[in-house]
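Heads up: the structure comes next, in structure tokens.
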Amino acid sequence: MLVLIVAVIVVNAYNSLVTLRNRYKNAFSQIDVQLQRRYDLIPNLVETAKGYMKHERETLEAVISARNSAINASRRAAQFPGDPQAMQQLGAAEVALTGALDRLMVVSEAYPELKADQSMGRLMEELTSTENKVAFARQAFNDAVTLYNTRREVFPNNLIATQFNFAPADLLEEAAPEVRQAPRVSFS
């Protein structure tokens, strides 16, 4: 009878950990979808700006370079959601991309024709909306990771987690406070 009770506890703990691990992996995939949407908008944004900002090649190239780095970091993180190194690299790449986009917006203020361009306005509106969706998805991921980590650390789950190699998952945190805000968009 005691063996049966222990077996039920082990099976329940194991199944619970598997469920929570899959939940945080799914939550990361939601972040990945929004990040990909963001990455897809950026080339259109740069192309629109390029026509007006002929003397700002360095700024435009920095945005594209930061986007490419963020895509690579996102792919690594998608393979191993919750992995500390992958999450840190993604956070750092997103900081760099946000900084490059902020610089693009500051430079674009000097071009009244660009500010008046309807395509640019729509792209910036979509980018802002996507930034908000990324923030919500990041919160859902962090909530799922926190629940998973808590469940794997409590007794008796911690014994089962250790035995079956349920590694702790890392939160996706921004490396700098400026990432906590969507890029400021002002075409007024």
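The values are calculated or read from the model by the stated rules, or taken from the named source; none is laboratory data. The shown structure was predicted, so the numbers you read here are calculated from the model rather than taken from an experiment. For neighbour counting, all protein chains shown are included, and Cβ atoms are generated from backbone atoms with ideal geometry for every residue, glycine included.
Side notes on the structure shown:
- Looking across the range 97-109, the residues that are farther than 13 Å from Tyr39 by Cβ and part of a helix (DSSP H, G or I) come down to Gly99, Asp102, Arg103, Leu104, Met105, Val106, Val107, Ser108.
- So Glu94, is it acidic (Asp, Glu), in a helix (DSSP H, G or I) and either farther than 21 Å from Arg138 by Cβ or modelled with pLDDT under 85 (or both): no
- Pairs, first in contact (Cβ under 8 Å) with a residue 12 or more places away in the chain and over 17 Å from Asn22 (Cβ atoms) in the range 75-92, second basic (Lys, Arg) and part of a helix (DSSP H, G or I), C-beta under 7 Å, six or more apart: Ala86/Arg76; Gln89/Arg76
- Qualifying residue in the range 14-28 (condition: among the charged types (D, E, K, R), surrounded by 16 or more Cβ atoms within 10 Å (Cβ to Cβ) and in contact (Cβ under 8 Å) with a residue 60 or more places away in the chain): yes
- Filter result for Phe141 (modelled with pLDDT of 90 or more, of a type in the set (A, V, I, L, M, F, W, C) and under 20 Å from Asp170 (Cα atoms)): yes
- Taking the listed residues Ala144, Ala140, the one that is surrounded by fewer than 20 Cβ atoms within 10 Å (Cβ to Cβ), small (Gly, Ala, Ser), touching a residue at least 24 places away in the same chain (Cβ under 8 Å) and within 29 Å of Arg21 (Cα to Cα) is Ala140, with no other qualifying.
- Scanning the range 77-89 for residues being within 12 Å of the chain's Cα centre (by Cα) and surrounded by fewer than 17 Cβ atoms within 10 Å (Cβ to Cβ) gives a total of 1.
- Flag if Glu126 is part of a loop (DSSP other than H, G, I, E, B), touching a helix residue (DSSP H, G or I) at 6+ places or on another chain (Cβ under 7 Å) and either of a type in the set (Asp, Glu) or at pLDDT below 85 (or both): no
- Among the residues of the range 129-163, the one identified as part of a helix (DSSP H, G or I), closer than 18 Å to Tyr14 by Cβ and among the aromatic types (Phe, Trp, Tyr) is Tyr148.
- Residue identified as among the aromatic types (Phe, Trp, Tyr) and more than 18 Å from the chain's Cα centre (by Cα) among Tyr24, Tyr14: Tyr14
- Odd one out for Arg67 among (1) touching a helix residue (DSSP H, G or I) at 6+ places or on another chain (Cβ under 8 Å); (2) under 24 Å from Gln118 (Cα atoms); (3) surrounded by fewer than 18 Cβ atoms within 10 Å (Cβ to Cβ); (4) free of Cβ contacts under 8 Å to residues at least 40 places away in the same chain: (3)
- Criterion: at pLDDT below 85, surrounded by fewer than 17 Cβ atoms within 10 Å (Cβ to Cβ) and of a type in the set (D, E, K, R) - qualifying residue of Glu153, Glu173: Glu173
- Residues of the range 106-125 that turn out to be touching a residue at least 40 places away in the same chain (Cβ under 8 Å) and loosely packed, with under 15 Cβ neighbours inside 10 Å, as a count: 5
- Residue check, Glu56 more than 20 Å from Leu35 (Cβ to Cβ) and touching a residue at least 12 places away in the same chain (Cβ under 8 Å): yes
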